[in-house]
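This report refers to the structure that appears directly beneath it.
Read-outs throughout are calculated quantities, based only on the coordinates presented, and are distinct from any laboratory measurement. The structure displayed is predicted, hence computed values, not measured ones. All Cβ positions, glycine included, derive from the backbone under ideal geometry; neighbour counts span all protein chains shown.
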Amino acid sequence: MIDTTTEFGQRVARRLAEERIAWLTTVDSNDAPQPRPIWFLWDGATFLLYSRPGTAKLRHIVERPQVSLNLDGDRLGGDIVVFTGQAAIDPAAPPADQVPAYVAKYQPGFARIGMTAAEFAASYSVAVRVTPLKLRGH
């Protein structure tokens, strides 16, 4: 999916490793886009994220699995990274506190929101997997 032989692909790969926030856009029952910031882990093929149970985001994903996931630009209209793909609840994924790369990436975030990794995993107990189908940007 990401062609790391290109400058754009190299930048996307670097940003996916370094960025802490992405924007996940789902579609509600009125066909209105609903963007929201998320924490994510890119494994080279899919995005893993966690949600609290019972959220609108999860209802949207079950009803309309087509989503987009994008990274913030450079505030000047550049460095645009947009994935479109399919999202699904992933009951086979381990809890967040049992994913070492996720814990390492978000340890400062857990502290900022006043939670341990275990408390985060208990509150954000629903794993979601986003499989990207297309990438665009510049």
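Out of the stretch 18-28, which residues are surrounded by 14 or more Cβ atoms within 10 Å (Cβ to Cβ) and either in a loop (DSSP other than H, G, I, E, B) or in contact with a Phe, Trp or Tyr (Cβ under 9 Å, 6 or more places away or on another chain) (or both)?
Glu19, Ala22, Leu24, Asp28
For the subset of the stretch 90-123 comprising residues that are in contact with a helix residue (DSSP H, G or I) (Cβ under 7 Å, 6 or more places away or on another chain) and of a type in the set (Val, Ile, Thr), which member is nearest to Tyr50 (Cα to Cα)?
Per the stated criteria, the residue is Val103.
How about the stretch 1-46: which of its residues are hydroxyl-bearing (Ser, Thr, Tyr) and closer than 26 Å to Phe120 by Cα?
Thr25, Thr26, Thr46
Could you list, in sequence order, the residues of the stretch 38-85 that are charged (D, E, K, R) and more than 20 Å from Val27 (Cβ to Cβ)?
Within the stretch 38-85, Asp43, Asp72, Asp74, Arg75, Asp79 meet the criteria.
Do we have Thr84 as in contact with a His (Cβ under 7 Å, 6 or more places away or on another chain) and either within 26 Å of Thr116 (Cα to Cα) or of a type in the set (Ser, Thr, Tyr) (or both) here?
Considered against the rule, which asks whether it is in contact with a His (Cβ under 7 Å, 6 or more places away or on another chain) and either within 26 Å of Thr116 (Cα to Cα) or of a type in the set (Ser, Thr, Tyr) (or both), Thr84 comes out as no.
If the requirement is being touching a residue at least 12 places away in the same chain (Cβ under 8 Å) and over 14 Å from Thr131 (Cα atoms), which of these qualifies: Val99, Val82?
Answer to the check: Val99.
Check whether at least one residue in the stretch 32-53 is assigned to a helix (DSSP H, G or I) and touching a Phe, Trp or Tyr at 6+ places or on another chain (Cβ under 9 Å), and report yes or no.
Scanning the stretch 32-53, I find no residue that is assigned to a helix (DSSP H, G or I) and touching a Phe, Trp or Tyr at 6+ places or on another chain (Cβ under 9 Å), so the answer is no.
Can you find a residue in the stretch 100-110 that is touching a Gly at 6+ places or on another chain (Cβ under 6 Å) and not charged (D, E, K, R)?
There is no residue in the stretch 100-110 that is touching a Gly at 6+ places or on another chain (Cβ under 6 Å) and not charged (D, E, K, R).
For Asp31, indicate whether it is closer than 14 Å to Gly137 by Cα and either touching a Lys or Arg at 6+ places or on another chain (Cβ under 6 Å) or loosely packed, with under 11 Cβ neighbours inside 10 Å (or both).
Considered against the rule, which asks whether it is closer than 14 Å to Gly137 by Cα and either touching a Lys or Arg at 6+ places or on another chain (Cβ under 6 Å) or loosely packed, with under 11 Cβ neighbours inside 10 Å (or both), Asp31 comes out as no.
Quick check on this structure: which one of Arg36, Arg64 is touching a Leu at 6+ places or on another chain (Cβ under 9 Å), without any contact (Cβ under 8 Å) to a residue 40 or more places away in the chain and among the basic types (Lys, Arg)?
Arg36
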